[in-house]
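Read the structure below first, then the notes.
Please treat every number below as a calculation from the coordinates, not as lab data. Only a predicted model underlies this, so the values are computations on that prediction, with no experimental measurement involved. Note that we place each Cβ from the backbone using ideal geometry, even for glycine, and neighbour counts take in every protein chain shown.
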Amino acid sequence: MELHILLIFMIFAAIVAIEVKDLLSSVIAVGAVGFALCLAFLVLKAPDLAITQLVVEILCLIILIRATINKDLPLVIEGRWVFNALSTLGFIAVFLLFSWLALRELPRFGEPIMEVVKKYLQEGVSKTGAVNIVTAVILDFRAYDTLGEATVLFTSVIGIMAILRKPGRKKKE
Amino acid sequence: MINNPETGMTLIVKTITRLTVGLILLFGIYIILHGHLSPGGGFAGGVIVALSFVHLMLAFGKDVAVSRVSKNLASNLESIGAMMFLLVALLGFLRGSFFLNILAKGSPFNLFSAGTIPLSNIAIGIKVGVGLFAIFLALVVLERSK
């Protein structure tokens, strides 16, 4: 029940974020979506994800507000609207097709097939010694995935530093 | 530099920041170190550490924050964190496979337990904290100094 209220609130806030004209109000509406998602994680009993979502949302909000506070960009809507609308509809159709193909194999929401999870829950503490089973999974059983995520973050930092640095060295003439 | 009224926010914000920023940093370190015992872990704790420096920078202006963590120090620590995580991964080869937990497991619910997991948490915490602060520094400082 709480989850449905939160989901309806998130959809409403997302529509507000798209429709509102002011850029700062839009950023704040996006923040409302993020905090509602944090509450939804708490309702679903996932405190690890809730903490991460909360702190990342705060950092993103600070960066977005700091970046948008003096720049109210005008929204450009004229131009090739027929092509834009058609390509948007096409992408939505492709996305829906592939998500239907992928999601029909999944079990229903809230009814996990406890095949992999059962093994982790039974052997997690004895094999890794970590009481927090989420950490045991992401840093021991599935640490290779975490290495990939760390690489993604490293690459993004390098990319941002490379794009936003002061103008590069000029060639000596 | 820290008492310069020209930069940063008002005196009220600066006074509150002086009281709270150390506690925020300490809470981030606590979340990182207790990642294998309680909710949280390297990523969340690292973001909290980055938020404490962002807090410092919003309150006192960019010079104070940059004097604490300069851009070179940030990029060095970022690389050290990534290398440390990879080193923990490669340590597994001493017993046979990648990411094998080779240290002693210890007894559950103790701070020193779970083998290499706390080391991985510390490495990810350093990397994420410094990396996100570097992103914030790049987006806020480097853009303005055209």
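Which of the pairs A:Lys45/A:Lys127; A:Lys45/B:Lys14; A:Lys21/A:Lys45; A:Lys119/B:Lys105; A:Lys118/B:Lys105; B:Lys14/B:Lys71 have their Cα atoms more than 26 Å apart in this structure? Display every interim value, and only then the final one.
Details: A:Lys45/A:Lys127 24 Å; A:Lys45/B:Lys14 37 Å; A:Lys21/A:Lys45 36 Å; A:Lys119/B:Lys105 19 Å; A:Lys118/B:Lys105 21 Å; B:Lys14/B:Lys71 23 Å.
Pairs exceeding 26 Å: A:Lys45/B:Lys14; A:Lys21/A:Lys45.
How large is ³J(HN,Hα) for each residue in the stretch B:93-105, as worked out from phi by the Karplus curve 6.51 cos²θ - 1.76 cosθ + 1.60 (θ = phi - 60°), to whole Hz, x for Gly and Pro?
With coefficients 6.51, -1.76 and 1.60, one gets 5, 4, 10, x, 9, 5, 6, 7, 7, 8, 6, 5, 6 Hz.
Under the rule of at least 5 residues apart or a separate chain, name every residue whose amide H is placed under 5 Å from the amide H of B:Leu103.
Excluding prolines and chain starts, which carry no amide H, the hits are B:Thr116.
For the stretch B:11-144, just list the percent of Cα-Cα distances falling in each 10 Å bin from zero outward, please.
P(r) over the stretch B:11-144, rounded to whole percents: 13, 36, 30, 15, 6, 0.
The protein assembly as shown: D in µm²/s via Stokes-Einstein (Kirkwood Rh, Cα pairs, 10 °C, 1.306 mPa s)?
Result for D is 71 µm²/s.
Working from the pairwise distances between different alpha carbons, so that the mean of 1/r is found and then inverted, what is the stretch B:60-108's Kirkwood radius in Å?
13.4 Å
Tell me what the protein assembly as shown gives for mean residue ellipticity at 222 nm when only DSSP H runs of n ≥ 4 count, each as -39,500 (n - 2.57), the sum divided by the residue total, rounded to 500 deg cm²/dmol. Walk me through the numbers before you get to the answer.
On the way: 12 runs with 214 residues, N = 319.
That comes out to -22500 deg cm²/dmol.
What does the charge dipole of the stretch A:112-166 about its Cα centre add up to, to the nearest 20 debye, if the Cβ of each Lys and Arg holds +1 and the Cβ of each Asp and Glu holds -1? Let's see the in-between values first.
Details: 6 positive and 5 negative charges, 47 e Å.
Value, rounded to 20: 220 debye.
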